[in-house]
Amino acid sequence: QVQLVESGGGLVQAGGSLRLSCAASRGTVSSYTMAWFRQAPGKERDFVAHIRRSGSTYYADSVKDRFNISRDNAKNTVYLQMNSLKPEDTAVYYCAADATYFGSYNYEYGHWGQGTQVTVSS
């Protein structure tokens, strides 16, 4: 089973940028739909973005034009570049993977990382 490890979270001021990484092992990122979700305290785990096996990408409206998901097959890693960060982007960010699903419902993804905290100060 693919294993996922996120990194790159931290504290940043509003308007700043962060890049999250999701390193995969026991599986290749190009064989899965790779997604990012986020969960703020007391809220649901929400879809942020995904990249399909084909390389096509899809974003939640709340992050479109600010975030970019990409994949480095050689490093077996998926990235989430986050720009123009806002306090409402504060959450734990999770990487997820699934071999057959390519949508935005969190319960459909079979593999998850442990999450990385992103905090955006105003």
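The values are calculated or read from the model by the stated rules, or taken from the named source; none is laboratory data. Here the structure is a predicted model, which means the values were calculated and not measured. Quick reminder, even Gly has a Cβ in these numbers, built from the backbone with ideal geometry, and neighbours come from all protein chains shown. Keep in mind that these areas ignore ligands, DNA and RNA; they rest on the heavy atoms of the full protein, side chains included. Shrake-Rupley method; radii C 1.70, N 1.55, O 1.52, S 1.80 Å.
Using only the heavy atoms of the protein chains and a 1.4 Å probe, how would GLU6, GLU44, GLU108 rank by accessible area, largest first?
Working: GLU6 10, GLU44 135, GLU108 80 Å².
Descending order: GLU44, GLU108, GLU6.
Starting from the residue with the highest accessible area, list HIS111, HIS50 in decreasing order, probe 1.4 Å.
Working: HIS111 35, HIS50 5 Å².
Largest to smallest exposure gives the sequence HIS111, HIS50.
HN-Hα J couplings of the range 42-53 from phi, Karplus 6.51/-1.76/1.60, θ = phi - 60°, integer Hz, Gly and Pro as x?
x, 10, 6, 7, 9, 5, 10, 6, 9, 10, 7, 4
For HIS111, list long-range residues whose amide hydrogen, built 1.01 Å from N in the peptide plane, is under 5 Å from its own amide hydrogen.
Residues meeting the criterion, in which the H sits 1.01 Å from N, are ALA97.
Mind putting a number on the dipole of the chain about its Cα centre? Charges go on the C-beta only, +1 for Lys and Arg and -1 for Asp and Glu, and I need it in Debye to the nearest 20.
Numbers: 12 positive and 10 negative charges, 53 e Å.
About 260 debye.
Round to the nearest 10 and report in Å² the accessible area of THR28, as given by a 1.4 Å probe over the protein chains' heavy atoms.
THR28 has an accessible surface of roughly 70 Å² with all protein chains in place.
Convert each backbone phi in the range 7-15 into a coupling constant with the Karplus relation 6.51 cos²θ - 1.76 cosθ + 1.60 (shift: θ = phi - 60°), then list the ³J(HN,Hα) values in order as whole Hz, x for Gly and Pro.
7, x, x, x, 9, 9, 7, 4, x
Using θ = phi - 60° and the Karplus relation 6.51 cos²θ - 1.76 cosθ + 1.60, list the HN-Hα couplings for the range 72-82 in order, rounded to whole Hz, with x at every Gly or Pro.
For the range 72-82, the Karplus curve yields 10, 5, 5, 8, 6, 9, 10, 10, 10, 8, 10 Hz.
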